[in-house]
Amino acid sequence: MNQNGERKTLKIGDLWHEPVAFRASVVKEGNCRANHKKGQVFEFVWCTPKGMCGESFVGMYPVLHSLRVLGDMRELGSPHRHIRVYNCPGRVIQFEIEATYRCNLCGSELPIENGEVQSKKLENPEQHLWVRVCSDCSKKYSNTELVW
């Protein structure tokens with residue numbers, strides 16, 4: 001509440017951090033037209049990573065999308081919920097894709113404990129708007145109305 005007793009408003013578009021960051025590392029190389037080499041790393045959030053083979057990116061997109069919506073890679077045989085090994089369409093390059101989950105408001109990394117992303121939720125049901133946040137942002141903005 002502000003000094004007038006009115007509820008504070010937070011424009012989340014001003015603070016927005018993408019909730020998932022990706023790291024795709026080449027863990028097995030082969031005869032690749034894009035010249036990907038073992039140890040090469042692509043880090044990205046929303047846009048297509050510069051220098052990555054287009055066919056590989058298109059092929060891995062379903063994995064990326066699943067990770068973005070908190071899909072559990074253990075259901076596909078991975079030992080970790082947020083990591084998946086992916087073979088390129090040509091089956092010569094192998095990537096390890098790792099998702100890091102972040103607070104939508106401050107960008108801090110959200111921990112994974114017992115296979116679950118640890119986060120709080122702030123929402124404005126009237127606007128069908130919610131964000132995944134860290135404990136600090138949950139406390140800081142708990143009495144704040146969210147708007148885009």
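Here is how the numbers come out for the structure above:
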| item | result |
| --- | --- |
| Pick from the stretch 86-106, criterion over 30 Å from V147 (Cα atoms) and surrounded by fewer than 16 Cβ atoms within 10 Å (Cβ to Cβ), ranking: nearest to the chain's Cα centre (by Cα) | N87 |
| Of the criteria (1) touching a residue at least 12 places away in the same chain (Cβ under 8 Å); (2) assigned to a loop (DSSP other than H, G, I, E, B); (3) over 17 Å from the mean Cα position of the chain (by Cα), which one K50 fails | (1) |
| Residue selected from the stretch 26-47 under the condition surrounded by 16 or more Cβ atoms within 10 Å (Cβ to Cβ) and within 16 Å of V85 (Cα to Cα), by the criterion farthest from the chain's Cα centre (by Cα) | H36 |
| Any chance H82 is surrounded by 19 or more Cβ atoms within 10 Å (Cβ to Cβ), out of contact with any helix residue (DSSP H, G or I) (no Cβ under 6 Å at 6 or more places or on another chain), touching a residue at least 40 places away in the same chain (Cβ under 8 Å) and not hydroxyl-bearing (S, T, Y) | no |
| Top-ranked residue in the stretch 55-79 [being in a loop (DSSP other than H, G, I, E, B) and in contact (Cβ under 8 Å) with a residue 12 or more places away in the chain; ranked as farthest from L110 (Cα to Cα)] | D72 |
| S142, sole failed condition from (1) more than 16 Å from V20 (Cα to Cα); (2) part of a loop (DSSP other than H, G, I, E, B); (3) in the same structural domain as V27 (by TED's automatic domain parsing); (4) not aromatic (F, W, Y) | (3) |
| In the stretch 113-139, the residues that are in contact with a strand residue (DSSP E or B) (Cβ under 8 Å, 6 or more places away or on another chain), surrounded by 12 or more Cβ atoms within 10 Å (Cβ to Cβ) and either of a type outside the set (G, A, S) or assigned to a strand (DSSP E or B) (or both) | V117, Q118, K120, L122, N124, L129, W130, V131, R132, V133, C134, C137 |
| Condition met for V26 (in a helix (DSSP H, G or I) and modelled with pLDDT of 95 or more) | no |
| Count - residues of the stretch 77-123 that are over 18 Å from A21 (Cβ atoms), aliphatic (A, V, I, L, M) and at pLDDT 95 or above | 2 |
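The values are calculated or read from the model by the stated rules, or taken from the named source; none is laboratory data. Note that the coordinates shown come from a computational prediction; the quantities given were computed from them, not determined experimentally. Every residue, glycine among them, receives a Cβ derived from its backbone with ideal geometry; neighbour counts consider all protein chains shown.
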